[in-house]
Amino acid sequence: MSTLEAENPFLSDAKPDRQAAHGIDKIDVEAVNRKDGRELYAGRKKIYAKRARGVFRNIKWLVMVATTAVYYLLPWLRWDRGPGLPDQAVLMDIGQGRILFFNLAIWPQELYLVTGFLVLSALALFLFTAIAGRVWCGYLCWQTVWTDLMIAVERFWQGDRNARILLDKQPWTASKIWKKSMTHASWLVIAAATGGAFILYFRDAPTLAQEFVTGQAPLPSYLFFALLTGFTYLLGGIAREQVCIYMCPWPRIQGAMFDADSLLVTYRDFRGEPRGPHRKSQGWEGRGDCIDCNACVAVCPMGIDIRDGAQLECIQCALCIDACNEIMTKINRPQNLIAYDTFRSLESEKKGGGLKMRILRPRTLLYSGLILFVGAIVGYALLSKTVLELNVIAERNPLYVQLSDGSIRNAYSVKILNKQYQEHTFALSIEGIEGARLTILGDETSERPLVKVVPDDLREIKAYVTVPKDALAKIPGDKAHLDFIATDVADGNRTTRASNFRKPAQ
Amino acid sequence: MAGHKEIDEATGVETTGHVWDGDLRELNKPLPKWWLYTFYVCIVWAIGYWVLYPTWPTANGYTKGMLGYSQRATVTEEVKAGKAAQSGLRDRLQKTALADVRKNPELLQFAVAGGKAAFADNCAPCHGRGAQGGNGYPNLNDDDWIWGGQVDAIQQTIQHGIRWQGAADTRESAMPRFGLDEILEPAQIGDVADYVLSLSGGKADAAAVERGKATYAEQCSACHGEDGKGNAELGAPNLTDAIWLYGSDRATVMESIRTGRGGAMPAWAGRLDPVTIKSLAVYVHSLGGGK
C-alpha cells in the first residue's frame, strides 16, 4: 500500500475497475432520492454517512458541543433571587405560573414577551435563510445536532462507513452483537440524559433530580422523561433523515425564502462537468474537475447527491464541501468545486464572471426592518415592565346607584398585582372629582384605605366611590374622569389607573 | 401500474403512470413505508378505542366500551371533588357568627363569591343580575332598606321572605288600601301624595301640602313616622329620601296610597341550605348599602 493509499479514507471502498482518478477510488454509493427506479411506497435505504474532515465539519463539532452543553447544563445554573425563592436561573415554574429567566420573571399575562421573542427568532431565521440558506437545518436544529451526535456514537462503536456496511452484512457474531448493543445502549443513555435535562427546566433541578431517582417525583416528570427519551432515541438514533424529509414542514417553507442571492451549498456544474474518471496520464482539458468519486454522496447524512442540484432533502450542512475539497487537494485541482454559492453568482461564473452576491436586497432589508421593529416593541415592553399592576374595572350592572341622601355611588373592582418578592401595603385613593369619597369593602371608615398584598400575588378589592348631591351638580353630562392611585406605603411610589365615574345625565 | 416507468421530461423524475386530461401526470413521490405502517397502526389503535370507549350508536343507545367511561360520570365526580374541596371553608362559614364573617378576609371572599353565584341563580330574576332591582323590586346596592340593612336583618329577610304565605316568621305588614277600601277620598289621596313628595324636597302645591299634612298625621304617621322617615321594624319605607321603590311621580305615589302595594318575596329557608343563605346575606350586604 502506498502512503497515499494509507492516508486515503476512501480507499477501503476500492474496487479495481472503479477508480475515479489515480489513487482515488469511486465509492459504491447511491443517492437515496435518485430520480429513477422509484417504488410507490419507498422502503428506507439505510444511509452509512462517512466521516468528513474540514472546516465545516469542525464548525459543526463546535456548534454541537455548544448547543448540547447549554441544553444539558443550563438547568443546573443557580441564580440568587432572595431567601425562599427559586434559585434556578432558567425555570418554567408550572406550579406558580411563572417563567424565570435570570433577572426576568414572566407572569402568565406577560406571555406576549415570550411571543415577542419567538417572533424575533422566526424573523432572524427568515433573515439567515435569505442570506445563507438552511443554516438552521445544517448546523443548529436539534434534529441535526442530535442525529450528528448519534452518528458519531455509532461510528465510535462500529467504525466508519465501510466497517458499518460490512458489519451489517455479517452474520450475528458475538462481536456484532456487542457492537450493536453498545451503540443502542449509548443512544439510550444520551436519550435519557436529554429527557432528563428537559424535565429539569420545569422544577428545581437538584430537588427534582433527587426526587426522580428516589421515585418521589411527580408523575408528569416521569411521563415527559419517557416521552423525550423515547423520541430522542427514535428520531435522533433511528429515524434521522426521515424526520427532515417526511415530518418537518420547514424544508417546504424554506424553499420560498431563498432567492438568486442566497448562499446555498452548490455543485459548480460548469466546472465539474463533464464528469468522469481521470487517468493519471490524462490532462484536464476538455473535461470537468469532477472525477465522479462519489465522496460527496458518501458523507451526506441525508444520502443525496448534491450534483443533482438544489433538493428538498438537502439540509445544507456543507459536509460535501469538506469531502470534495479533500479530494480536490489530492488531485491538485482548485478547491470549492462544491461550495456556498448563489444562483446569480453561478450564472456569472459560467460566463467567466466573478462571484456575485447582494446581501442588501429588499428581502433582507424587509426582514432586518421587521427585526428592528419587533425588537423595539419587545425592548420597550421589557423596559416598561412594572413590578406593580393596578387595574380598575367599573361595575356596569348597575352603572351607578342612587343613594337615599341624593348622592350617587359607583362600584369598582380594583385589582392590585404585586409582582415583587416582598409583601407590600398600598394606600388607595382617588383623584379627579371634587368631594368624591372612596371606601372599600371591609373598610368603610378610612380616608385612604390600606390594602396589603402578599408577595407575587393578586388581590382584588371591591371599592365604592360616592359623590354627594352638591358635587354631582358640578359634573356635566353622564360621566366624569377619575384616577385611582395606589401609593406604596413603604416608598411612596404611586401607580395610577384611569377610570370613569358614571351618573344619570343632568 | 401501467406506464410506471415513464419519466417526466422537465424533472427527470418518474411518474406514477396516472394521466388526467390527456397530459397531466403525477410525479412519483413515494410515501415512506414506515408511514404506511403508521396508518395500519392507527387502524389497529382505532379498533382498540372502539372496544374500550363508547363509540357506536345502536338502536337503543350506544356501545358503552369496556372502561365504562362517561363524561357525565366525570362531571359528577368533579362536582363532588369541588364540593369536598370547599367543605373546609363551608364548615368555617357555618360556625362563624354572621357579624364576624366580615372580619375574616378569607371567609368574606368565600361568602361573597358563593353568595354571588347563588344570587344569580335564585334572586336575579326579580332583583336583577347586578341586584339593581326594578319597579317594585328593591335595588339592593343602595343604602335604603325597607326591612333593615344590617347583615342579620338581611339574613332574616332572605330566610323567611316578605308577606310569604305559609312561612311562619315571614316579614308581615300591610299598608291599608286607602283608595280601594274607600278609607280616603281621591282628593285626599292627591293631597297626601303632594305632602309626601314635599318631604323629599319635591315640588308640590303649598295648599295641597298643608291639607295632606293633616291627613298624613292621621292616617300614615303611625307607621311611616311623624317625620316620614319610616320604620324598618314595620317595613315602612322612608319617605324623605331620594329612593322610590315604585317611582317618585305624583301619579305613582297616589297609586301606592290607593292600593297599599304590598309586594312579596319568597322565604328561602328550606329551599336553600343555611350556609348558602348566610353567603347570600353577606353578599347582599357587601353590595355597598349594608349598614
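The values are calculated or read from the model by the stated rules, or taken from the named source; none is laboratory data. Computed from a prediction, not measured in an experiment: that's the story for all the values here. Because the Cβ atoms are built from the backbone with ideal geometry, glycine has one as well, and the counts that use them run over all protein chains shown.
If you scan the stretch A:214-233, which residues turn out to be modelled with pLDDT under 95 and of a type outside the set (Ser, Thr, Tyr)?
A:GLY215, A:GLN216, A:ALA217, A:PRO218, A:LEU219, A:PRO220
Scan the stretch B:116-129 residue by residue and report those that are at the interface with another protein chain (Cβ under 10 Å from one of its Cβ atoms) and crowded, with 20+ Cβ neighbours inside 10 Å.
None; the set is empty.
Six or more apart or on different chains, Cβ under 7 Å: which pairs go from a residue in the stretch A:437-454 that's at the interface with chain B (Cβ under 10 Å from one of its Cβ atoms) and within 16 Å of B:ASN104 (Cα to Cα) to one that's among the basic types (Lys, Arg) and surrounded by 13 or more Cβ atoms within 10 Å (Cβ to Cβ)? Could you list them?
A:LEU441/A:LYS462; A:GLY442/B:ARG102
Out of A:PHE426, A:PHE484, report the one residue that is away from chain B (no Cβ under 14 Å), among the aromatic types (Phe, Trp, Tyr), under 30 Å from A:LEU100 (Cα atoms) and out of contact with any Pro (no Cβ under 6 Å at 6 or more places or on another chain).
Working: A:PHE484 fails: under 30 Å from A:LEU100 (Cα atoms).
Criteria check complete, one pass: A:PHE426.
Give the residue, chosen from A:GLU434, A:GLU326, that is closer than 30 Å to B:GLY201 by Cβ and either assigned to a loop (DSSP other than H, G, I, E, B) or touching a residue at least 40 places away in the same chain (Cβ under 8 Å) (or both). I'd like the intermediate steps shown before the answer.
On the way: A:GLU326 fails: closer than 30 Å to B:GLY201 by Cβ.
After ruling out the rest, the residue left standing is A:GLU434.
Return the residues of the stretch B:31-87 that are among the aromatic types (Phe, Trp, Tyr) and free of Cβ contacts under 8 Å to residues at least 12 places away in the same chain; say none if nothing qualifies. Talk me through it step by step, then tell me what you get.
Residues of the stretch B:31-87 that are among the aromatic types (Phe, Trp, Tyr), as a first pass: B:34-35, B:37, B:39-40, B:45, B:49-50, B:53, B:56, B:62, B:69.
Answer for the stretch B:31-87, where residues must be among the aromatic types (Phe, Trp, Tyr) and free of Cβ contacts under 8 Å to residues at least 12 places away in the same chain: B:TRP34, B:TRP35, B:TYR37, B:PHE39, B:TYR40, B:TRP45, B:TYR49, B:TRP56, B:TYR62.
Select from the stretch B:90-107 the residues that are part of a helix (DSSP H, G or I) and either touching a residue at least 12 places away in the same chain (Cβ under 8 Å) or aliphatic (A, V, I, L, M) (or both) and list them in ascending order. Break it down stepwise before answering.
As a first pass, look at the stretch B:90-107 and keep what is part of a helix (DSSP H, G or I): B:90-95, B:98-103, B:105-107.
Answer for the stretch B:90-107, where residues must be part of a helix (DSSP H, G or I) and either touching a residue at least 12 places away in the same chain (Cβ under 8 Å) or aliphatic (A, V, I, L, M) (or both): B:ARG90, B:ARG92, B:LEU93, B:GLN94, B:LEU98, B:ALA99, B:VAL101, B:ARG102, B:GLU106, B:LEU107.
Is at least one residue of the stretch B:263-278 closer than 20 Å to B:LEU199 by Cβ and not aromatic (Phe, Trp, Tyr)?
Within the stretch B:263-278, the first condition is being closer than 20 Å to B:LEU199 by Cβ, and the residues that meet it are none.
No: zero hits.
Test B:TYR49 against the stated conditions and say whether it is part of a helix (DSSP H, G or I), within 42 Å of the chain's Cα centre (by Cα), under 30 Å from A:LEU40 (Cβ atoms) and not charged (D, E, K, R).
Spelling it out, B:TYR49 is indeed part of a helix (DSSP H, G or I), within 42 Å of the chain's Cα centre (by Cα), under 30 Å from A:LEU40 (Cβ atoms) and not charged (D, E, K, R).
Can you say whether A:ALA239 is within 28 Å of A:ALA42 (Cα to Cα), among the aliphatic types (A, V, I, L, M), surrounded by 15 or more Cβ atoms within 10 Å (Cβ to Cβ) and free of Cβ contacts under 8 Å to residues at least 40 places away in the same chain, as far as the supplied structure shows?
Numbers: within 28 Å of A:ALA42 (Cα to Cα): yes; among the aliphatic types (A, V, I, L, M): yes; surrounded by 15 or more Cβ atoms within 10 Å (Cβ to Cβ): yes; free of Cβ contacts under 8 Å to residues at least 40 places away in the same chain: yes.
When the stated conditions are applied, A:ALA239 passes them.
Have a look at A:VAL392, A:VAL374, A:VAL378 and point out the one that is more than 14 Å from chain B (Cβ to nearest Cβ), farther than 20 Å from A:ASP269 by Cα, surrounded by 15 or more Cβ atoms within 10 Å (Cβ to Cβ) and touching a Gly at 6+ places or on another chain (Cβ under 6 Å). First the steps, then the outcome.
On the way: A:VAL392 fails: touching a Gly at 6+ places or on another chain (Cβ under 6 Å); A:VAL374 fails: touching a Gly at 6+ places or on another chain (Cβ under 6 Å).
Matching residue, one of A:VAL392, A:VAL374, A:VAL378: A:VAL378.
Against the condition surrounded by 15 or more Cβ atoms within 10 Å (Cβ to Cβ), in contact with a Phe, Trp or Tyr (Cβ under 7 Å, 6 or more places away or on another chain) and of a type in the set (A, V, I, L, M), how does B:LEU184 come out, does it pass? Before you say what the answer is, go through the steps one by one.
Values: surrounded by 15 or more Cβ atoms within 10 Å (Cβ to Cβ): yes; in contact with a Phe, Trp or Tyr (Cβ under 7 Å, 6 or more places away or on another chain): yes; of a type in the set (A, V, I, L, M): yes.
In short, yes.
Counting just the residues of the stretch A:16-57 that are under 21 Å from A:SER281 (Cβ atoms) and loosely packed, with under 13 Cβ neighbours inside 10 Å, which one comes out modelled with the highest pLDDT? Show your work before the answer.
Going through the stretch A:16-57, the residues under 21 Å from A:SER281 (Cβ atoms) turn out to be A:16-26.
Filter again for loosely packed, with under 13 Cβ neighbours inside 10 Å, leaving A:16-17.
Values: A:PRO16: 49, A:ASP17: 58.
It comes out as A:ASP17.
Just one of B:GLY212, B:GLY230 is within 14 Å of chain A (Cβ to nearest Cβ) and not charged (D, E, K, R); which is it? Break it down stepwise before answering.
Numbers: B:GLY212 fails: within 14 Å of chain A (Cβ to nearest Cβ).
On inspection, the qualifying residue turns out to be B:GLY230.
From the list A:LEU91, A:LEU120, pick out the single residue that is outside the structural domain of A:ALA318 (by TED's automatic domain parsing), of a type in the set (A, V, I, L, M) and in contact with a Gly (Cβ under 8 Å, 6 or more places away or on another chain). Even if it seems obvious, please write down each step before you answer.
Details: A:LEU91 fails: in contact with a Gly (Cβ under 8 Å, 6 or more places away or on another chain).
Every option except A:LEU120 fails the conditions.
For every residue, the table says whether it meets (1) under 30 Å from B:LYS291 (Cα atoms); (2) more than 14 Å from every other protein chain (Cβ to nearest Cβ); (3) surrounded by fewer than 18 Cβ atoms within 10 Å (Cβ to Cβ).
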| position | (1), (2), (3) |
| --- | --- |
| A:LEU346 | no, yes, no |
| A:LEU360 | no, yes, yes |
| A:THR364 | no, yes, no |
| A:LEU382 | no, yes, yes |
| A:ARG409 | yes, no, no |
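Yes or no: the stretch B:206-213 includes at least one residue that is closer than 22 Å to B:TRP147 by Cα and surrounded by 17 or more Cβ atoms within 10 Å (Cβ to Cβ). Explain how you work it out, then say what you get.
Taking the stretch B:206-213 as the starting set, the residues that turn out to be closer than 22 Å to B:TRP147 by Cα are none.
No.
Determine whether B:THR38 is surrounded by 10 or more Cβ atoms within 10 Å (Cβ to Cβ) and in a helix (DSSP H, G or I).
Details: surrounded by 10 or more Cβ atoms within 10 Å (Cβ to Cβ): yes; in a helix (DSSP H, G or I): yes.
Considered against the rule, which asks whether it is surrounded by 10 or more Cβ atoms within 10 Å (Cβ to Cβ) and in a helix (DSSP H, G or I), B:THR38 comes out as yes.
For a quick check of your reading: which helices (runs of 4 or more DSSP H) sit entirely within the stretch B:156-256 and have at least 2 residues that are of a type in the set (Ser, Thr, Tyr) and either over 30 Å from B:ALA269 (Cα atoms) or touching a strand residue (DSSP E or B) at 6+ places or on another chain (Cβ under 8 Å) (or both)?
Values: elements: B:186-199, B:206-219, B:221-224.
Because the criterion is at least 2 residues that are of a type in the set (Ser, Thr, Tyr) and either over 30 Å from B:ALA269 (Cα atoms) or touching a strand residue (DSSP E or B) at 6+ places or on another chain (Cβ under 8 Å) (or both), the helices (runs of 4 or more DSSP H) in the stretch B:156-256 that meet it are B:186-199, B:206-219.
The rows are residues; the columns are (1) under 24 Å from B:ASP241 (Cα atoms); (2) among the small types (Gly, Ala, Ser); (3) assigned to a loop (DSSP other than H, G, I, E, B); (4) at pLDDT below 90.
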site	(1), (2), (3), (4)
A:LEU458	no, no, no, yes
A:ILE461	no, no, no, yes
A:THR466	yes, no, no, no
A:ALA480	no, yes, no, no
A:ASP483	no, no, no, no
A:GLY492	no, yes, yes, yes
A:THR496	no, no, no, no
A:ALA505	yes, yes, yes, yes
